[in-house]
Each structure stands twice: as structure tokens, then as C-alpha cells.
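Student: Starting off with a structure, shown below.
The values are calculated or read from the model by the stated rules, or taken from the named source; none is laboratory data. All values derive from a computational prediction rather than experimental measurement. Cβ placement follows ideal geometry from the backbone for every residue including glycine, while neighbour counts extend to all protein chains displayed.
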């Protein structure tokens, strides 16, 4: 079996002073990152807002102030889904914490 070598011709090596190489070597501008605690707080505020909207919609339905059944049901369903998601995230966080505490270092 014979292996032929591949010869590359007409290649230009990048020059260190090249502006394209300089921009490629520079680190990307750092974007401010939000801590996990802030993300979690924002998510909890969103869940509270959805629950308040659902409560207002149901109260409006019961009062007869022009809120239809579909609007109240959609608001209640949205609030329920958001609550279930936040509960799942909490359960996963507690499980991960318990798993970390069970590790031996």
C-alpha cells in the first residue's frame, strides 16, 4: 500500500501584523452576566405576576365585570404551568444540593 503525501501550494501564512489576525486574537468583549440568584428572583416575580393576573381574572369572572371564561381559564393555566415549572426547578436544586452534601471529599 502506497500513501501519497498531499502538498499544499499557494498558501499565504498570516502575518502577525495583519489586522484580521489581531482581531481574531483579541478576546471577545465580555458581556455582563447576571448572577443565578437574580435570574431566579426574576423568575419568581414572573410567577407571582402570573398568579396575580389569574386571581384578578377569576375575581372579574365571579364579579361579572366583563371577563369571559376563556380568559380566566387561560390565565389560570398559565399561572399553574409557571408554578409547576418553578416547583420542578426547586426540586432539582434541592436534589443537587443533597447529592453534593452526600459526597465525601
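Student: What number of residues within region 87-105 satisfy the criterion of being surrounded by 12 or more Cβ atoms within 10 Å (Cβ to Cβ) and modelled with pLDDT of 95 or more?
Tutor: Final tally of qualifying residues: 0.
Student: List the pairs whose first member sits in region 79-93 and is in contact (Cβ under 8 Å) with a residue 40 or more places away in the chain, whose second member is surrounded by 12 or more Cβ atoms within 10 Å (Cβ to Cβ) and assigned to a helix (DSSP H, G or I), and whose Cβ atoms are under 6 Å apart, counting only residues at least 6 apart or on separate chains?
Tutor: Between residues of region 79-93 that are in contact (Cβ under 8 Å) with a residue 40 or more places away in the chain and residues that are surrounded by 12 or more Cβ atoms within 10 Å (Cβ to Cβ) and assigned to a helix (DSSP H, G or I), the close pairs are 86/47.
Student: Would a scan of region 68-77 turn up a residue that is modelled with pLDDT of 90 or more and not in a helix (DSSP H, G or I)?
Tutor: Yes: region 68-77 contains one or more residues that are modelled with pLDDT of 90 or more and not in a helix (DSSP H, G or I).
Student: Continuing with this model, one more query. Consider region 50-67. How many of its residues are farther than 17 Å from residue 87 by Cβ and either in contact (Cβ under 8 Å) with a residue 24 or more places away in the chain or surrounded by 11 or more Cβ atoms within 10 Å (Cβ to Cβ) (or both)? Step through it out loud before you land on a result.
Tutor: The initial filter retains those residues of region 50-67 that are farther than 17 Å from residue 87 by Cβ, namely 52-53, 55-67.
Next cut, either in contact (Cβ under 8 Å) with a residue 24 or more places away in the chain or surrounded by 11 or more Cβ atoms within 10 Å (Cβ to Cβ) (or both) only: 52-53, 55-61, 67.
Final tally of qualifying residues: 10.
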